[in-house]
Amino acid sequence: MSTETADVVIVGGGLEGSSAAYALSQLGITDVVIVERGTVGSGMTAKSSGIVRCHYGVPSLAAMATDSLDTFENAEEIFGADIGFRQIGYVVGVGSPNVEPFRASLAAQQAVGVLTEEVDAGAVADLWPQADLSDFAAFAYEKRGGYGDAYMTAQAFAGGARAAGVRLRQQSPVVDLLVEGDRVTGVRLADGSTISANTVVVATGAWTRGFLAPFGFDIPIRVHREEIVMVAPGADLGPVPVFSDLVSLQYVRPEVGGDILFGNSDLQQIEDADPDGYSNRLTETIRDIAVDKIGTRFPDLTEAAISGGYAGCYDVTPDWNPIISRMPLDGLVLAAGFSGHGFKISPAVGRLIADLVVEGRSRDPRIPERDFRFERFAENDPLTTAFPYVGAGEMR
Ligand SMILES: Cc1cc2nc3c(=O)[nH]c(=O)nc-3n(C[C@H](O)[C@H](O)[C@H](O)COP(=O)(O)OP(=O)(O)OC[C@H]3O[C@@H](n4cnc5c(N)ncnc54)[C@H](O)[C@@H]3O)c2cc1C
């Protein structure tokens, strides 16, 4: 059986693994192999809503999100490819119980460079004339926000990495980590071949827990099935921005072709799922929730109708934030558990992974590696916002 060598092997060619490969290549580390069991972006990346916003109460995440905007905005120049980024703006609204933490969060976001501002209901009514805004108490607007296409973005990262010399193996499941003593020395593929490497980056998303369990790691990632609903609005919406409604707990954005993409932001109840065997079909329950929430928030859309839907899986950690961490096995770096919000930060995630590989630490003091360390769960020191909201606590 063939044996290959590389400086770095990346297991998983999703958004985060591809971004890591690209970031490594930009640091001059090109003896890298991405090993993907399907094709680039074919995992949960392909299901992403792609929403881009910086509204995080965790400063390191807000910094990662705002840094990532440069990549989204300049993708054409950087990759020579369209990544489907549509900078249509982002509006977030909260009810009265959340006004205080909301304003504190905005100030903290601005302190790390996020371009966000509080706006009044009149300004939001101009942006989303179809919305009933009566039960909101405060809004913010990010004009650099919008949405992108996560699949196209993963392809762009992988393409950019390949152009710099990174190798890509698709249709190649990794079945084993090679371990000698207390260090990882490479991977074994399903065809029996091996790739030895100084560093193995595991970026296997929803498949991570099962993948690392045989090596004694209990990775606290639950796989949660999440449905997305497409709505034909029955009217021309005009140039509306992404709207994150933290009162009724929904997000909506226009979809290419004129539909509205609806996501339910009520994540109190997790629906456990098997990433290799979940139903892709819309359920009555979510259909009803979408009809109710859209009908209430957008009463003027009297002709709106459900036009479709599908499901994907979130890889959810106990604090709803990712693990981007060197592991207690030398040479192993883990980047997983993006908990349904890994698109908007993906360019910065790749850079942090590259820093961990090369330096063992983050080179950006605003993004301390400590925040994302694997050990935080065992230490009962979760990564959570200093400005929690009532409801919608996750991902903020
Ligand atoms: C429905 C939905 C909506 C979302 N909406 C948003 C949003 O609006 N904004 C946002 O920021 N984020 C959003 N996200 C989250 C974001 O899309 C994900 O966090 C991100 O795409 C995950 O990328 P990943 O590389 O970690 O995982 P994946 O894309 O799943 O990649 C992991 C890869 O590992 C491969 N793999 C697994 N096991 C092996 C193995 N043994 N050998 C080789 N390869 C292997 C898989 O095939 C897969 O391609 C959403 C996610 C979903 C599901």
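By how many degrees, between 0 and 90 and to the nearest 10, does the Cα long axis of helix 99-111 differ from the longest principal axis of the chain? Here the helix axis deviates by roughly 50 degrees. Computed over the chain, relative contact order equals 25 percent, with contacts defined as Cα pairs under 8 Å that lie 6+ residues apart. Phi angles of segment 344-356 translate, via the Karplus equation with coefficients 6.51, -1.76, 1.60 and θ = phi - 60°, into HN-Hα couplings of 4, 9, 4, x, 6, 4, x, 5, 5, 4, 4, 4, 5 Hz per residue; Gly and Pro are given as x. Helix 59-73 axis versus longest C-alpha principal axis of the chain: approximately 90°, rounded to the nearest ten.
Springs join every pair of Cα atoms under 10 Å in this Gaussian network model of the chain, and among ALA154, ALA123, ALA63 the largest mean-square fluctuation is at ALA123.
Full extension of the chain between ARG281 and MET1 yields a length gain of 96.6 nm, computed as 0.36 nm times the residue separation minus the alpha carbon distance. For the pair LEU27 and ASP272, label points projected 7 Å from Cα toward Cβ lie 3.7 nm apart. 3J(HN,Hα) couplings calculated from phi for segment 369-381 with the Karplus curve 6.51 cos²θ - 1.76 cosθ + 1.60 (θ = phi - 60°) are, in sequence order, 4, 4, 3, 9, 5, 4, 5, 4, 6, 5, 7, 6, 10 Hz; Gly and Pro show x. Applying the criteria of a DSSP loop state and at most 10 other Cβ atoms within 10 Å to the GluC sites (Glu not before Pro) of segment 271-339 yields GLU303.
Dipole check for the chain: with +1 at the C-beta of Lys and Arg, -1 at the C-beta of Asp and Glu, and the Cα centre as origin, the magnitude is about 640 Debye. Once the chain from THR384 to ARG183 is taken as fully extended at 0.36 nm per residue, the excess over their C-alpha distance is 69.2 nm.
Compute the long axis of helix 150-163 from its Cα atoms, compare it with the longest principal axis of the Cα atoms of the chain, and write down the angle in degrees, 0 to 90, nearest 10. For helix 150-163, the angle is close to 30 degrees. Taking amide H positions as modeled 1.01 Å from N, with prolines and chain starts lacking one, the residues under 5 Å from LEU168 and 5 or more places away or on another chain are ILE34. ARG287 sits among other residues whose Cβ lies under 12 Å from its own Cβ, and their net charge, with Lys and Arg +1 and Asp and Glu -1, is -2. Note on the chain: with a GNM built from Cα contacts shorter than 10 Å, the maximum mean-square fluctuation among THR45, THR285, THR302 falls on THR285. Computed over segment 226-319, the quotient of the alpha carbon radius of gyration and 2.2 N^0.38 Å is 1.11. Between GLY43, GLY238, GLY360, the GNM of the chain built on Cα springs shorter than 10 angstrom shows GLY238 fluctuating the most.
Inter-label distance, ARG370 to ASP176: 3.9 nm, where each label sits 7 Å from its Cα along the C-beta direction. Under the convention that each Lys and Arg Cβ holds +1 and each Asp and Glu Cβ holds -1, the size of the dipole of segment 10-80 around its Cα centre is about 360 debye.
Cross-link partners for LYS143 among the lysines, with Cα-Cα distance under 18 Å and sequence neighbours closer than 8 places in the same chain left out: LYS344.
Computed over the alpha-carbon atoms, the chain gives an Rg to Rh ratio of 0.97, Rh here being the Kirkwood radius from the mean inverse distance.
Taking Lys and Arg as +1 and Asp and Glu as -1, the other residues whose beta-carbon sits under 13 Å from that of THR296 total -4.
Helices in the chain, meaning DSSP H runs of at least 4 residues, each add -39500 (n - 2.57). Divided by all residues, the mean residue ellipticity at 222 nm is -7500 deg cm²/dmol.
What is the sum of charges, Lys and Arg at +1 and Asp and Glu at -1, for the other residues whose Cβ falls under 15 Å from the Cβ of PRO173? Local charge sum for PRO173: -1. For segment 277-282, putting each phi into the Karplus relation 6.51 cos²θ - 1.76 cosθ + 1.60 with θ = phi - 60° gives couplings of x, 9, 7, 8, 8, 5 Hz, in residue order, rounded to whole numbers and with x for Gly and Pro. Relative contact order, whole percent, for segment 280-383 stands at 23, derived from Cα pairs under 8 Å and 6 or more residues apart. Projecting the Cα atoms of MET44, LEU115, ILE78 onto the dipole axis of segment 41-116, where Lys and Arg carry +1 and Asp and Glu carry -1 at the beta carbon, places MET44 farthest toward the positive end.
Values in this text are rule-based calculations from the coordinates and carry no lab data. Owing to the predicted nature of the structure, the values given are computational and were not obtained by experimental measurement. Neighbour counts are summed over all protein chains in view; Cβ atoms, including those assigned to glycine, are modelled from backbone coordinates with ideal geometry.
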